[in-house]
Amino acid sequence: MTRDLRALLKSDEVTLGTWSQIAAPELVDLIGLNGFQFTIIDCEHGVFGMETAENLARAADANDIGCAVRLPKNDPVLIMKALDAGIRHVVVPNLSSGEEAARAVAATRFAPRGLRGACPCCRSGGHFIRNWQDYVTKEEARVGIIALVETVEGRDNIREICATEDLRALMIGPFDLSVSMGLNGDWRHPDVRTAVAEMVACAADVGLPVIMPVFSPDPAECAELVASWRQSGVSCFVVGSDKILIATAFGQWVSTLSPR
């Protein structure tokens with residue numbers, strides 16, 4: 001059975017994932033085969049759409065790792081398409097208010113509770129749903145929204161975002177947040193670290209799991225960051241991205257093999 005991201009988020013042990021921004025199922029194979037426990041398929045900054053995301057999700061399933069998809073915007077139709085494709089967790093970017101978070105969650109619920117369109121023939125239900133009532137109960141229990149907060153407005157409204165009913169997890173975007181704060185991508189800046197720590201504390205107050213991106217291409221710095229956030233109760237981390245990890249490995253090989 002494929003490892004479920006919901007179960008990983010509940011674990012107190014360190015859970016490691018990465019971003020999939022390259023449209024290649026073989027790279028998802030390598031992510032799983034080399035020990036990562038989940039990946040986030042990036043339809044916001046990756047140059048591909050839902051058809052490719054579905055194939056990457058199949059590779060995640062085949063390698064027994066959890067997966068989520070980051071959408072380009074908070075759109076109930078896009079959320080529905082991701083869930084129908086069998087991707088159980090959806091990262092919604094740039095959430096800035098509790099109202100926006102609630103609207104995203106509503107897109108994971110069928111009427112009359114929510115906005116999700118109903119179809120008896122979709123991958124999430126085995127392509128032909130014979131018992132709709134049973135499917136709805138199971139489906140709404142296993143799918144979820146991960147709120148990506150990455151702006152000053154989102155930081156200011158973090159308490160109402162974290163209080164959103166049925167939200168699965170909070171993800172914080174330090175890089176975008178630094179840009180929003182006028183710090184030009186300096187995610188290491190003390191003001192950014194302070195803002196992120198405050199948001200982590202807000203999530204902890206309501207028992208909401210946090211997924212923390214760790215950007216550094218230096219494994220030693222990543223280890224320090226993971227250890228630091230562990231002290232704040234964070235256990236789930238997104239390390240680099242497939243592009244960062246591959247570029248780092250390429251650079252190490254060339255540096256090692258180049259004539260001195």
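Values in this text are rule-based calculations from the coordinates and carry no lab data. Bear in mind that the values here come from a model prediction, so they are computed numbers and not experimental data. All Cβ positions, glycine included, derive from the backbone under ideal geometry; neighbour counts span all protein chains shown.
Couple of notes before you dig in:
- Amide H within-cut-off set for residue 211, under 5 Å, with H built and near neighbours excluded: 170, 171, 172
- Taking the Cα centre of the chain as origin and assigning +1 to Lys and Arg Cβ atoms and -1 to Asp and Glu Cβ atoms, the resulting dipole is close to 520 debye.
- The calculated 222 nm mean residue ellipticity attributable to helices in the chain amounts to -13000 deg cm²/dmol, summing -39500 (n - 2.57) over DSSP H runs of n ≥ 4 and dividing by all residues.
- Selection from 131, 95, 250, by position along the positive dipole direction of the chain (Cβ): 131
- Matching label, Rg and Dmax of the Cα atoms in Å computed from the structure shown, candidates (1) 17.6, 53; (2) 18.5, 55; (3) 18.3, 69: (3)
- Placing pseudo-labels 7 Å out from each Cα toward the beta carbon at residue 246 and residue 184 gives an inter-label distance of 3.0 nm.
- Amide N of region 204-240 lying under 17 Å from the label point, which is placed 7 angstrom from the Cα of residue 253 along Cα→Cβ: none
- For the chain, leaving out every one of the GluC sites (Glu not before Pro) that falls in a DSSP loop and has at most 13 other Cβ atoms within 10 Å, the longest unbroken run is 14-164.
- Amide N proximity, region 192-209 versus residue 232 label position 7 Å along Cα-to-Cβ, cut-off under 11 Å: 192-204
- Taking a ≥ b ≥ c as the square roots of the Cα gyration tensor eigenvalues, region 112-185 comes out prolate, since a/c reaches at least 1.5 and a/b is larger than b/c.
- Inter-label distance, nm, simple model (7 Å from Cα along the C-beta direction), residue 204/residue 166: 2.9 nm
- Look at the dipole of the chain built from charges on Cβ: of 15, 187, 83, the Cα furthest out on the positive end belongs to 83.
- Placing R0 at 25 angstrom, the Cβ-Cβ distance between residue 51 and residue 223 gives a FRET efficiency of 0.10 after rounding to 0.05.
- Rounded to whole Å, sorted largest first: equivalent-ellipsoid semi-axes of region 1-54, Cα gyration tensor: 21, 12, 10
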